[in-house]
Amino acid sequence: MGTLRVTDLTVEFVSGGYKVTPFRDLSFVAEDGQLAVLLGPSGCGKTTLLSCLAGLLTPTRGKITFDDLDVTQLRGAALSAYRRRTVGVVFQAFNLIPSLTARANVMVPLRISGVGRTGAGERADQLLRDVDLGERGGHRPGQLSGGQQQRVAIARALAQDPPLVIADEPTAHLDYIQVEGILRLIRQIAAPGRLVVVATHDDRITQLADQVIELVPHAASLQREPVDVELEAGQVLFRQGDPSDLVYVVRSGEVVIYRERADGSEEPLDVVTPGRYFGELGPMMNLPRSASARAVSRAQLVGYSVREFRASMRAASDQHDPLPR
């Protein structure tokens, strides 16, 4: 029970006239009772993926199933029922209603689902006790610390006892003292009968996780030796949105760097000639490729890990050579 399967998931959207692909052909499986962490820097698609898991965003391609339920095919009343009963969401900015007490905030999803006021109140009281806020139910969000507001948000996400809970950067607005309590609580609610998926760039959470899904693989840090690459004219080296791995230096030939627009056209950014390098920002900052690269003519390149590239740059500088060869 409670198995989440993500298969060949791709999301594409338009931003500023360009086609943006936060992730492409993403696949993983997370089991009931696990704490699964989606790890990656800002902008790598973590929130986008959570929106897909919550049924708030339809992916461009691929499939999401939870047990035997195909989330990507849900529409209308079936989709509303999934959002209401199967998945609970903990938002990054808490999203509590400022005018309502902590107790009333937790009651909201229950009341929307038709639970009577008495039953909703009793459930809210129990959940607030479970998150160590039993004495704070009558306080409004403005009277609570950041950590306490996050606990209320977690209690609200658990209101319908959903088998899937997703949390977006749950420690982002907390100090280190509050973080400890929230991490302990998240670990506690990931138990048989409930799968918890957390998106974060905070690698402290990975120490508690049953599995870590890296949305931007650390291929650059694993690669140690330079790699020789040969491209035929017209051959694509990498595409916009691909994971970043190496920094490339052109030995011979030319490589065009371009952005793909939403209408299918291309915007050339640069033509890289022999002796120059490209593609350094992605692996250095652990971000997806922001543009595509294609050989203009037959080309020979050398691909460096970030560490090897920096070492080559230092060596070239010491020898008064402007670029690594």
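The values are calculated or read from the model by the stated rules, or taken from the named source; none is laboratory data. None of these values were measured; they are calculated from a predicted model. As a convention, Cβ positions derive from the backbone with ideal geometry for all residues, glycine included, and neighbour counts pool all protein chains shown. To get the accessible areas, we keep the full protein, side chains included, count just its heavy atoms, and leave off ligands, DNA and RNA. Shrake-Rupley method; radii C 1.70, N 1.55, O 1.52, S 1.80 Å.
The numbered conditions (1) buried (at least 21 other Cβ atoms within 10 Å of the Cβ); (2) within 16 Å of the chain's Cα centre (by Cα) are all true for V71 except (2).
Would you check if there is a residue in segment 156-172 being within 28 Å of K46 (Cβ to Cβ), open to solvent by 40 Å² or more (accessible area, probe 1.4 Å), assigned to a helix (DSSP H, G or I) and out of contact with any Lys or Arg (no Cβ under 9 Å at 6 or more places or on another chain)? Within segment 156-172, not a single residue is within 28 Å of K46 (Cβ to Cβ), open to solvent by 40 Å² or more (accessible area, probe 1.4 Å), assigned to a helix (DSSP H, G or I) and out of contact with any Lys or Arg (no Cβ under 9 Å at 6 or more places or on another chain).
May I ask you to verify whether T200 is touching an Asp or Glu at 6+ places or on another chain (Cβ under 6 Å) and surrounded by 14 or more Cβ atoms within 10 Å (Cβ to Cβ)? If you could, list the steps in order and put the result at the bottom.
Numbers: touching an Asp or Glu at 6+ places or on another chain (Cβ under 6 Å): yes; surrounded by 14 or more Cβ atoms within 10 Å (Cβ to Cβ): yes.
Yes; evaluated as a whole, the condition is true for this residue.
For segment 182-197, the set of residues classified as at negative phi and not in a strand (DSSP E or B) consists of I182, L183, R184, L185, I186, R187, Q188, I189, A190, A191, P192, R194, listed by residue number. Hey, could you check segment 282-325 for residues that are among the hydroxyl-bearing types (S, T, Y) and at pLDDT below 85 and say which is farthest from the chain's Cα centre (by Cα)? The residue in question is S317. Got at least one residue in segment 80-93 being over 21 Å from L174 (Cβ atoms), open to solvent by 40 Å² or more (accessible area, probe 1.4 Å) and at pLDDT 95 or above? No: zero hits. Residue pairs whose Cβ atoms lie under 7 Å apart, separated by 6 or more positions or on different chains, with the first residue in segment 51-80 and in contact (Cβ under 8 Å) with a residue 12 or more places away in the chain and the second in a helix (DSSP H, G or I) and open to solvent by 20 Å² or more (accessible area, probe 1.4 Å), are A54/R83; G55/L79; G55/R83; L57/T48; L57/S51; F66/T86. Restricting attention to segment 239-269, the residues that are in a strand (DSSP E or B), under 27 Å from L215 (Cβ atoms) and open to solvent by 20 Å² or more (accessible area, probe 1.4 Å) total 6.
Across segment 282-313, which residue is most open to solvent (accessible area, probe 1.4 Å) among those that are among the small types (G, A, S) and outside any strand (DSSP E or B)? Even if it seems obvious, please write down each step before you answer.
Of all residues in segment 282-313, those among the small types (G, A, S) come to 282, 290-293, 295, 297, 299, 303, 305, 311-312.
Narrowing the set further to residues that are outside any strand (DSSP E or B) leaves 282, 290-291, 297, 305, 311-312.
Numbers: G282: 11, S290: 76, A291: 11, S297: 46, S305: 1, A311: 39, S312: 26 Å².
Here the residue is S290.
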